[in-house]
Amino acid sequence: MSTQQGSRFFFNVDWITILLYVALCAIGFINIYASIYNPETSDIFNFSSNYGKQLIYIITGLLLGFSILLLDAKFFSVFSPIVYGITMLLLMAVLVFGRNVGGNQAWISLPGGFRLQPSEMAKFGTALLVARYIGNFNPKFRDIKSIFFAALIIGFPLLLIMLQPDTGSALVFLAFMFPLYREGLSGYFLLIFLGMIVLFIADFLVPIQVLIPIILVAGGIFVYQNRRKQKRLFSIIITTIVAIAYLFMVKLAYEKVLEPHQRIRIEIMLGLKTDPRGAGYNVNQSKIAIGSGQLTGRGFLEGTQTKYGYVPEQSTDFIFSTIGEEWGFMGCTVVIGIYTFLLLRIINLAERQRSSFSRVYGYCVASIIFFHVFINIGMTIGIIPVIGIPLPFISYGGSSLWSFTVLLFIFLKLDSNRMGFI
Amino acid sequence: MDNLFNRKYIIQGLFIVVALILIGQLFYIQVASDRYFLSANSNVLRKKYTFPARGVILDRNNRVLVQNEPVYDLMVTPNLVKPFDTLELCRIIGIDMKGFYKRFNKARNQSRYQRTVFEKQLSVQTYAALQERLSRFIGFETQNRTVRHYPDSVAGQFFGYVKEVTEKDIEDSQGYYRPGDYIGKAGIEREYNEALRGERGVENTIYNAKNVPQGSYLEGKFDTLAISGEALVSSLDIEMQKLGEQLLKNKVGSIVAIEPSTGEVLAFVSSPTYDPNLMVGRQQGNNYMDIFRSPNRPLTVRPMSGYYSPGSSFKPVDDLIALQEGVIDPNTTFNCPGVYWAGNHPVKCEHVDGPISMRRGLARSCNTYACYVFQKLMTQGKFKSKTAAYDSWEAKVRKFGIGSTLGLDMPFERKGRLFTSAEYTKRFGKYWGYTTVISLAIGQGEMSATPLQMANIMAIIANRGYYIKPHLIKGIGDKKEVKKEYLVKNSVDIDAAHFEPVIDGMQDAVNSPHGTARESAIPNILFCGKTGTVQNPHGKNHSVFIGFAPRDNPKIAIAVIVENAGFGSSYAAPIASYLTEKYLTGKLSGNRPERAEWMKKQVVLPEEPKPKVKLLPKPIDSTSKGNPAPTTATKPIQVTK
């Protein structure tokens, strides 16, 4: 019985995903090694160095992942409220006991020199509870109540993380829009969300005196087209008014709420300000490093920008600049290709689940990884403002690697058990 | 399957679209644009240059004409500068505080991180004073380079000068030159710049983000040592050049001497001249303007860009063509009553000789004889029309080098002038004949030649029918190679036999009692020549002499022009004679040294020209494509009546 179970277990796990996972971890290790490479102390198994540590994180991460595979699949569904609750407590604890690193109170120190980043754990905690909520109640998000509940589950950790303040990690929670959309949330929410981003950017680039007439004219056209449909007419007028109010709110929030460094980052991303020696230094150097890789890259350990420390934070948030410089456009395309393949694979796996819980959780995993990849790479090549979030599986750091490993392997466990009942 | 299943594709589609956006931007910064690649190199690499010594130039006897002297540039790397006693630095290098800030800001604007020149060409003395205290001026350092020194202070126009590169030079050099480099701008320094300049050495050093050097780039794979420029052996005889400049002192004119057998230019004198050392160093700009403004245009290289009618010195060429055509023979005589009537237009002679032959006609410079020869050439029966006769004659004259450049190894050589029949038709209408252009018979009218071309004609006659393109540099580099074009004999298509009667006449011109240049005979050497007294509209006649010596196996062909000095026999011929003797024997014999001294003291300057703005040449900006302005004062005109 046990052997039969064992073979079924290995038969059912999606080895393709594990292969992609291992590939990304390996790419991460190679590039972290290159980022902090120093010809004098180049021993790969030097565990006091960051690449040595990363190797330990990868190995322990794999162990962690496989031990998750050995747990009972029902465990995650049953204990999801508890996992969620623990992570929320940790998020609150970090506000009180947290260590301040780089302006954000995001870390909890543990005995033995380890540090914990609860915001990373909150991602799978929230994902589990969202999946549980949808799995249990099967809401179609047609009514305000279900939207409200979902927003509550997602908004609570988001708010706590904002208080650290760690805007970057908080933004990742917007990724939960995708699973909600998949489960029935109106596409309008996505459109409104998109519209908010467009208006936000337009607010900086176009003077408000021009923007308001444009919105009014657009609203007028819609009103004229829908003049026979009273119900729609009403919502169009409301939307127009809200859009204009939003413009003023953005301006107000921008000036009163955002920190100066965040304002500058946004301005640099929008091209309103160039300050290559100041706040734009990271992005500029990152773009130089990536651009200098050209088609085929300078080769492993040959990147001059990497070797001589021109890109700050290169082993963590800016790890993609090492890939860009040393492996070139081809290497970058391969990495983005692996990510895309992984994301599409997870979605496909999610769709073959019998339980809503597993499916929703799969979507959550894909969306979170997608947000991280898009924001991180977009940041290093200058199409997104500097938001300090790691590149999944590749960036240096145990907290990040382990929480992504846990996030992914829970889903692999659920998938291997897709025929069973949860 | 519920209908929400389709939303899977929307989400997957979004993932793919975003991936493509990322790849698109990556393609732009990595593949399509090399901006980031270049920025990366400028982040990391600092180049330190070492400057090669410019090639030396020797004379034909291996005497050094140009050598290099060390000077020091004070360099600054603005971001390394720490506060220091600026006044002390100013005092040492001799600038004021205002000048200090001007220089410092200029350097900082160029680059904060790269070394730039703070002050150029400090002398050895200043350098020594500075070097003691340099450790206090953090961020400053010196860099040695060399400047030119011309020990004999002669032949300014021959050498030209070296100057800091302009932005245009940098563009044209396709990356070879950088701001602050030097480039030959005129004369030999310009013509042979690529051989002389050598190769700059470079050390590539890698710097990390904290601007700390990290050793050499790729183990010095791209580092090079400075390679000195190649040495040039000039064909000039510097002693002769010096004597020539002394003889033309306080006169305006030109001397060109050529070794006929090789085409090597032995003397290349342009007067007034200037000391080439003035074109070196920190005062270069001021000195240049002083020289440019001084009278009689010292910057004009008269040997190759001065236009002079050859005058009577052209007669041997016409005689040679006539002999080759067979319209006369050496014994043909014409009657000279002291004037030749071209229609109702008289061409006067200085003498009345009656029947006169070629030998005597050349010795006496008989205009009548020359006009008859020209008449014969123009009225040959074999030509269908006057223009055909003229065209044939013109083509033969052009073979002697008049009207086109000779390919001298100097920039901006000029062509001289010879009208085509079409140009005459344009000027005179359809009806013109040899009488209309009879001035050409005596080398006047629409004919002008550079002194170089005149000397080359002498070389042709000395060689009995060919010339080698005149050149100033006879050896480049260690192998002492000469350009291939300077090894080719160019024939003028006149049989060698025809030269002897003409040379007889030229021998008599100097060596017979009735010769025009009898005063200029050289003891024990058969000096053959021809005087010219060239009418010109701007004042007195130009004194012209061309000649070669010795008659057999000639070693030197020479042309001398002294502007506004009257008869060819009075100035040009003696000057040519002294130089020729000096070159052939190394000294002057008898009382000739005293006579030469007398000649050196003579002042023959043109009358102050009326200030006409249009006559002033443009500044010789050798960077411009155009030729330097011609010597307008020497424009030929038609024969006076």
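The values are calculated or read from the model by the stated rules, or taken from the named source; none is laboratory data. Just so we're clear, the structure is a prediction, and the values are computed from it rather than from any experiment. All Cβ positions, even for glycine, are placed from backbone atoms using ideal geometry, and neighbour counts span all protein chains on display.
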Checklist outcome for this item: Within region B:334-360, residues out of contact with any Gly (no Cβ under 9 Å at 6 or more places or on another chain), under 24 Å from B:VAL510 (Cβ atoms) and assigned to a loop (DSSP other than H, G, I, E, B) come out as B:GLY338
Checklist outcome for this item: If we ask which residues in region B:136-158 are β-branched (Val, Ile, Thr) and assigned to a helix (DSSP H, G or I), their number turns out to be 0
Checklist entry - Does region B:109-120 contain at least one residue that is more than 23 Å from B:THR224 (Cα to Cα) and within 14 Å of chain A (Cβ to nearest Cβ)? => result yes
Item to check | Residue count, region B:84-132 (criterion: in a strand (DSSP E or B) and in contact (Cβ under 8 Å) with a residue 60 or more places away in the chain) | outcome: 4
Item to check | The one condition in (1) away from chain B (no Cβ under 11 Å); (2) in a helix (DSSP H, G or I) that A:TYR363 fails to fulfil | outcome: (1)
Checklist entry - Out of B:LEU266, B:LEU243, which single residue is part of a helix (DSSP H, G or I), in the same structural domain as B:SER294 (by TED's automatic domain parsing) and either touching a strand residue (DSSP E or B) at 6+ places or on another chain (Cβ under 7 Å) or at negative phi (or both)? => result B:LEU243
Checklist entry - Got a sec? Which of B:PHE499, B:PHE545 is in contact (Cβ under 8 Å) with a residue 24 or more places away in the chain, within 19 Å of B:ILE457 (Cβ to Cβ) and within 23 Å of the chain's Cα centre (by Cα)? => result B:PHE545
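Considering each of B:PRO310, B:PRO303 in turn, give the residue that is surrounded by 15 or more Cβ atoms within 10 Å (Cβ to Cβ), in contact with a Gly (Cβ under 8 Å, 6 or more places away or on another chain) and within 22 Å of B:ALA517 (Cβ to Cβ).
None of the others qualify; the one that does is B:PRO310.
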Checklist outcome for this item: Residue count, region B:51-73, condition in a strand (DSSP E or B) and either in contact with a helix residue (DSSP H, G or I) (Cβ under 7 Å, 6 or more places away or on another chain) or buried (at least 17 other Cβ atoms within 10 Å of the Cβ) (or both), comes to 9
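Check every one of the strands (runs of 3 or more DSSP E) wholly within region B:450-504 and list those with 2 or more residues that are assigned by TED's automatic domain parsing to the domain that holds B:ARG417 and under 28 Å from B:SER365 (Cβ atoms). Spell out how you get there, then give the answer.
On the way: elements: B:466-468, B:473-476, B:489-491.
The strands (runs of 3 or more DSSP E) meeting that bar are B:466-468, B:489-491.
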Checklist entry - Any idea which of A:TYR396, A:TYR339 is touching a residue at least 12 places away in the same chain (Cβ under 8 Å), within 11 Å of chain B (Cβ to nearest Cβ) and of a type outside the set (Val, Ile, Thr)? => result A:TYR339
Checklist entry - Taking the condition crowded, with 16+ Cβ neighbours inside 10 Å, touching a helix residue (DSSP H, G or I) at 6+ places or on another chain (Cβ under 9 Å) and modelled with pLDDT of 80 or more, does B:ALA129 pass? => result no
Checklist outcome for this item: Only one of B:THR142, B:THR146 is away from chain A (no Cβ under 14 Å), touching an Asp or Glu at 6+ places or on another chain (Cβ under 9 Å) and farther than 19 Å from B:VAL56 by Cα, namely B:THR142
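What are the residues in region A:293-336 that are free of Cβ contacts under 8 Å to residues at least 12 places away in the same chain and in contact with an Asp or Glu (Cβ under 8 Å, 6 or more places away or on another chain), if any? Step through it out loud before you land on a result.
First, the residues of region A:293-336 that are free of Cβ contacts under 8 Å to residues at least 12 places away in the same chain: A:308-309, A:333-334.
None; the set is empty.
Quick check: is even one residue across region A:307-326 more than 28 Å from A:ILE266 (Cβ to Cβ) and more than 10 Å from every other protein chain (Cβ to nearest Cβ)? Walk me through it before giving the result.
Keep residues of region A:307-326 that are more than 28 Å from A:ILE266 (Cβ to Cβ), which gives A:307-308, A:326.
Subset that is more than 10 Å from every other protein chain (Cβ to nearest Cβ): A:326.
Yes.
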Item to check | Leading residue by the ranking (farthest from A:PHE374 (Cα to Cα)) among those in region A:169-199 that are surrounded by fewer than 22 Cβ atoms within 10 Å (Cβ to Cβ) and touching a residue at least 60 places away in the same chain (Cβ under 8 Å) | outcome: A:MET177
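For the structure I just gave you, tell me whether A:PRO157 is farther than 27 Å from B:LEU4 by Cα and surrounded by 15 or more Cβ atoms within 10 Å (Cβ to Cβ). Walk me through it before giving the result.
Details: farther than 27 Å from B:LEU4 by Cα: yes; surrounded by 15 or more Cβ atoms within 10 Å (Cβ to Cβ): yes.
Criteria met by A:PRO157.
Counting residues that are more than 23 Å from the chain's Cα centre (by Cα), more than 14 Å from every other protein chain (Cβ to nearest Cβ) and modelled with pLDDT under 85, which helices (runs of 4 or more DSSP H) fully inside region A:179-298 reach at least 3? Show your work before the answer.
Values: elements: A:187-205, A:208-225, A:230-256, A:260-269, A:281-292.
Here the list reads A:187-205, A:208-225, A:230-256.
Quick check on my filter: what residues within region A:327-336 are crowded, with 19+ Cβ neighbours inside 10 Å and either at the interface with chain B (Cβ under 8 Å from one of its Cβ atoms) or not in a helix (DSSP H, G or I) (or both)?
First, pick out the residues of region A:327-336 that are crowded, with 19+ Cβ neighbours inside 10 Å: A:327-329, A:331-332, A:335-336.
A:GLY328, A:PHE329, A:CYS332, A:ILE336, listed by residue number.
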